[in-house]
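This report concerns only the one structure given below.
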Amino acid sequence: MLTPKLVVTMISPETGRPRPTELDVLPEPLTAAEHGLMVGNPPPDDKWVHHGNWTAWPNIRWSLTHMDELRASGRISRGLGPAEPLPVAASGETGIDLDDLAIDDGDGGNWTLDEMLRGTYTDAFLILHRGQVVLERYFNGMGPSTRHAMFSMTKTVTGVLALLAVEDGAIALDDLLVDHVEDLADTAFAPVTVAHALDMTDGIRFVEDYSDNRSDIMRYGVAMAFTPVPANWDGPDGIHDAILGFTERETDPGGPFLYKSVITDVLAWATARATGQRWVDGVSERIWGPMGAADDAAVILDNRGIAVSSGGMSCTVRDLTRFGRMLSRSGRVGHGTDERQAIPAAVADDLAAGGQPYPGSGGGYATREGWTFHRHCWNMQQVMGAFMPMGVHGQRLFCHPEKDLVVAKFGSHPVTGNVFTDVIHESLYHQLIGRC
């Protein structure tokens, strides 16, 4: 089993660039304002958050709510339709009791809900039960209209977009990706199908280790324009150029799941070719508008104008909640005479159903035994009847269809990998389910 490490990205005093650094204890959860970030006109150099240092602590406390100020971004339009209502539950009519929660703090003790939210560096938190807001909290300068980085929760959006293309007949689950993107013929992706890509059972060699600056994901981050091009860079320029450079395989397609961000961008490329529609336009017209988003979302673009479909979106916590509930309700939104099908039930139900667990299907972590990664979404159907899009630094969207419960959380946790706080969040979710 893999063990999460307390590794925090800090600015290297030698190079001035972000560098994964192993620490003994977590830093104090001070806000961006308490750190003095971006205060002053102009701010002092040591408080200036920019493209070259936004991934480092404590800068992420400011940067994750200002992503489209750091890089070129595409607008994901909500369209002109009405927003899906999110009424606030009346006192005593929430159907869920939040009093006296005792949440495992991961270190042998218990936290109250307030302590848990502070201790996990929460920026926004929303509990929706039976379509009503039970609790909505904001921290660290966020508010209802503030967009926050979703990171890999973007992958689930990309998965839904691909499944919509399957439902439309533009692409098929057993199609090879190379059938739609001929450029992949001489790469490791040549034998990979759409289904393999959706479940990340593609078998290509790609190391996603955020604690190692030399791993594939760190170099891929440069190609995505997440981080600046370093001096003497000999790597790819842009997402598609990077994709074409992966030629090695570890297993046959259809083998064990292994998480890797690059396959999402390959899936998005194939979907765009099959549908003739840019990722940004597809998400706007097929997902964000139909689900009744209240605000536009945004997505980071690489240097060639390609959307970072594996982790570049930002949105409000309310719209994130709307996305989760739509998937939980078989693609439906609205109530009573206003109820309608925003996306086909077959798409939402396939994603929510999850796969068949096997030893290691949760990525090799003890906290995720019994989980699967299905249709580009983490799934705990066999463990607690839920699914959960997730993104690094604390982004989680817990969805329990049977209980009609959605718990949306944005954060700026200093440790990149979410597995570091799995025990804490599992404790919270189990207690909420038990109280519904």
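Bear in mind these aren't lab numbers, they're just calculated from the coordinates by the rules spelled out. Bear in mind the structure is a predicted one, so any value in this text is a computation, not a measurement. Here the Cβ is made from the backbone with ideal geometry for all residues, glycine too, and neighbour counts use every protein chain on show.
Brief remarks on what is shown
- A viscosity of 1.306 mPa s and a temperature of 10 °C, combined with the Kirkwood radius over C-alpha pairs in the Stokes-Einstein formula, give segment 7-74 a diffusion coefficient of 125 µm²/s.
- Relative packing of 190-198, 129-137, which averages over residues the other C-beta atoms within 10 Å, highest first: 190-198, 129-137
- Across segment 119-164, the relative contact order, built from alpha-carbon pairs under 8 Å that are at least six residues apart, equals 26 percent.
- Compared with the direct C-alpha span, the chain from LEU135 to THR247 gains 35.5 nm at full extension, assuming 0.36 nm per residue.
- Under 14 Å from a label point set 7 Å out along the Cα-to-Cβ vector of ASN213, the amide N atoms of segment 16-50 belong to 16-22.
- For a modelled paramagnetic label at ASP186, 7 Å from Cα along Cα-to-Cβ, the residues of segment 234-249 in reach, with backbone nitrogen under 13 Å, are 244-247.
- Relative contact order computed over the chain (Cα-Cα under 8 Å; 6+ residues apart), in percent: 23 percent
- Placing a pseudo-label 7 Å from each Cα along the Cα-to-Cβ vector at ASP234 and SER145 gives an inter-label distance of 5.0 nm.
- The Cα-based radius of gyration of the chain, divided by its Kirkwood radius, gives an Rg/Rh of 0.94.
- The packing ranking, built from the mean of other Cβ atoms within 10 Å per residue, places the peptides 177-183, 218-224 in the order 218-224, 177-183, highest first.
- Fully extending the segment from ASN303 to GLU22 would add 98.0 nm, taking 0.36 nm per residue of separation and subtracting the current Cα-Cα distance.
- Exposure proxy order (Cβ contacts within 10 Å, fewest to most) of PHE387, PHE257: PHE257, PHE387
- 15 Å cut-off, amide nitrogen to a point 7 angstrom out along SER330 Cα→Cβ, residues in segment 350-392: 350-353
- In this label model, ALA72 and ALA33 are separated by 3.5 nm, measuring between points 7 Å along each Cα→Cβ vector.
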